[in-house]
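What follows is a single structure, written as structure tokens, with notes after it.
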Amino acid sequence: MKTRNLGKTGQISSILTFGGFALSNVKQKEADAAIEMALKAGINHVDVSPIYGEAETRLGSYFGRHGNQFFLGCKTAERTKTGAWEGLKRSLERLKVDHFDLFQFHMVDNTRELDTLLGPGGALEAVLEAKNQGLVRFIGITGHHPPLHNLALQRFAFDTVMFPLNRVHAAHFSDWNDWRPLLKTAKAKKVGVFAIKVVAKRLWENEHKYNTWYEPFDQADEIESSVWYTLSQDITSAVMPGELKLWPMVIDAANRFEPLSQPKQKEMTAEVSGFVPLYASWMD
């Protein structure tokens, strides 16, 4: 699998990242198979969070038996120093590791949260302390609001940023989801970029068929178009969806990836213009 530089960290990451949410409600045997699938495919980066159900426990069990072969990224949704410190230590224990390669502030989507975690007594103080102790190597921020993350990169020297980047959003850019200024800032500051919701189609209209809170594209050609579109942007890696059944198609698409021309990108965006962007709906 192709690799790219993770900003200024020195890490060379696979163009797909193991999305830990996919392990949120599976048995250990299924989790082990997913981990082996990813390693066999050449995926060398994993992203997980303590709010992803059993994901930390499942990964920790595997790491305890086989060691950790990934660049390990974890998160905290806590905004205070005390909460973040306690959560970080708990995640280390559950994952059976002695440090995180990357530790990220999870789901930061408004200025109030950003002010709190960056302010006195905020979560950043705990993460900086953990970095000084060798428990964290790099620091990132994640969420669903690219313009806010663009602001965040001006206020602190984050090493990475993670946000939704898909062709449905590209068909309906708004003040909420326009990632283009953020990509320019990230490139200028040499910040690693992770894309999420890569194969998202729309909010569920009927019964949920997959372990995703959105309805994903689930046909091979649709997934290829979605993965190739996202990987044709100036990003480091695309995080795999929360449904393990889709992973073989996502991996296959990534293994065959070729950068798309601008006309082809516009064509693929036009194909999905009939769908409503996730967060435009979610925020209304």
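The values are calculated or read from the model by the stated rules, or taken from the named source; none is laboratory data. Note that the structure is a prediction, hence the values are computed from the model and not measured. Quick reminder, even Gly has a Cβ in these numbers, built from the backbone with ideal geometry, and neighbours come from all protein chains shown. Accessible surface is based on the protein model in full, side chains and every heavy atom, while ligands, DNA and RNA are left aside. Shrake-Rupley method; radii C 1.70, N 1.55, O 1.52, S 1.80 Å.
Looking at the range 127-147 only, could you name the residues that are open to solvent by less than 20 Å² (accessible area, probe 1.4 Å), in a helix (DSSP H, G or I) and over 24 Å from Ala170 (Cα atoms)?
Val127, Ala130 - these are the residues of the range 127-147 that are open to solvent by less than 20 Å² (accessible area, probe 1.4 Å), in a helix (DSSP H, G or I) and over 24 Å from Ala170 (Cα atoms).
Take the range 1-23 and flag every residue that is of a type in the set (A, V, I, L, M, F, W, C) and open to solvent by 40 Å² or more (accessible area, probe 1.4 Å).
Met1, Ile12, Phe21
What about Phe158, is it at pLDDT 95 or above, open to solvent by 10 Å² or more (accessible area, probe 1.4 Å), not basic (Lys, Arg) and not in a helix (DSSP H, G or I)?
no
Among the candidates Thr82, Thr17, Thr9, which residue alone is modelled with pLDDT of 95 or more and more than 19 Å from the chain's Cα centre (by Cα)?
Just one listed residue meets the conditions, Thr82.
Table: residues versus (1) in contact (Cβ under 8 Å) with a residue 12 or more places away in the chain; (2) touching a strand residue (DSSP E or B) at 6+ places or on another chain (Cβ under 7 Å); (3) of a type in the set (Lys, Arg); (4) closer than 25 Å to Asn110 by Cβ.
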site: Lys2; (1), (2), (3), (4): yes, no, yes, no
site: Gln11; (1), (2), (3), (4): yes, yes, no, no
site: Gln28; (1), (2), (3), (4): yes, no, no, no
site: Asp32; (1), (2), (3), (4): yes, no, no, no
site: Ala77; (1), (2), (3), (4): yes, no, no, yes
site: Lys81; (1), (2), (3), (4): yes, yes, yes, yes
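Which residues, taken from the range 100-121, are surrounded by 21 or more Cβ atoms within 10 Å (Cβ to Cβ) and more than 18 Å from the chain's Cα centre (by Cα)?
Answer for the range 100-121, where residues must be surrounded by 21 or more Cβ atoms within 10 Å (Cβ to Cβ) and more than 18 Å from the chain's Cα centre (by Cα): Leu114, Leu117.
Determine whether the range 53-65 contains at least one residue that is in contact with a helix residue (DSSP H, G or I) (Cβ under 9 Å, 6 or more places away or on another chain) and under 24 Å from Gly122 (Cβ atoms).
yes
Give Val46, Val97, Val26 a once-over and let me know the one that is surrounded by 22 or more Cβ atoms within 10 Å (Cβ to Cβ) and either in a strand (DSSP E or B) or over 15 Å from the mean Cα position of the chain (by Cα) (or both).
Numbers: Val97 fails: surrounded by 22 or more Cβ atoms within 10 Å (Cβ to Cβ); Val26 fails: surrounded by 22 or more Cβ atoms within 10 Å (Cβ to Cβ).
Selected residue: Val46, the only one of Val46, Val97, Val26 that is surrounded by 22 or more Cβ atoms within 10 Å (Cβ to Cβ) and either in a strand (DSSP E or B) or over 15 Å from the mean Cα position of the chain (by Cα) (or both).
Report, by residue number, each residue of the range 49-80 that is aromatic (Phe, Trp, Tyr), in contact with a Leu (Cβ under 8 Å, 6 or more places away or on another chain) and assigned to a helix (DSSP H, G or I).
Phe63
Kindly establish whether Arg202 is in contact with a strand residue (DSSP E or B) (Cβ under 6 Å, 6 or more places away or on another chain) and open to solvent by 30 Å² or more (accessible area, probe 1.4 Å). Reasoning before the result, please.
Values: in contact with a strand residue (DSSP E or B) (Cβ under 6 Å, 6 or more places away or on another chain): yes; open to solvent by 30 Å² or more (accessible area, probe 1.4 Å): yes.
So Arg202 passes the test.
Answer with yes or no whether Lys75 is closer than 16 Å to Ile139 by Cβ, open to solvent by 10 Å² or more (accessible area, probe 1.4 Å), in contact with a helix residue (DSSP H, G or I) (Cβ under 9 Å, 6 or more places away or on another chain) and not hydrophobic (A, V, I, L, M, F, W, C).
Values: closer than 16 Å to Ile139 by Cβ: yes; open to solvent by 10 Å² or more (accessible area, probe 1.4 Å): no; in contact with a helix residue (DSSP H, G or I) (Cβ under 9 Å, 6 or more places away or on another chain): yes; not hydrophobic (A, V, I, L, M, F, W, C): yes.
Spelling it out, it is not the case that Lys75 is closer than 16 Å to Ile139 by Cβ, open to solvent by 10 Å² or more (accessible area, probe 1.4 Å), in contact with a helix residue (DSSP H, G or I) (Cβ under 9 Å, 6 or more places away or on another chain) and not hydrophobic (A, V, I, L, M, F, W, C).
Which residues, counting only those in the range 170-199, are open to solvent by less than 60 Å² (accessible area, probe 1.4 Å) and at positive phi? It would help to see each step written out before you state the result.
Within the range 170-199, the subset open to solvent by less than 60 Å² (accessible area, probe 1.4 Å) is 170-171, 174, 176-179, 182-183, 185-186, 191-199.
Result: Lys197, single match.
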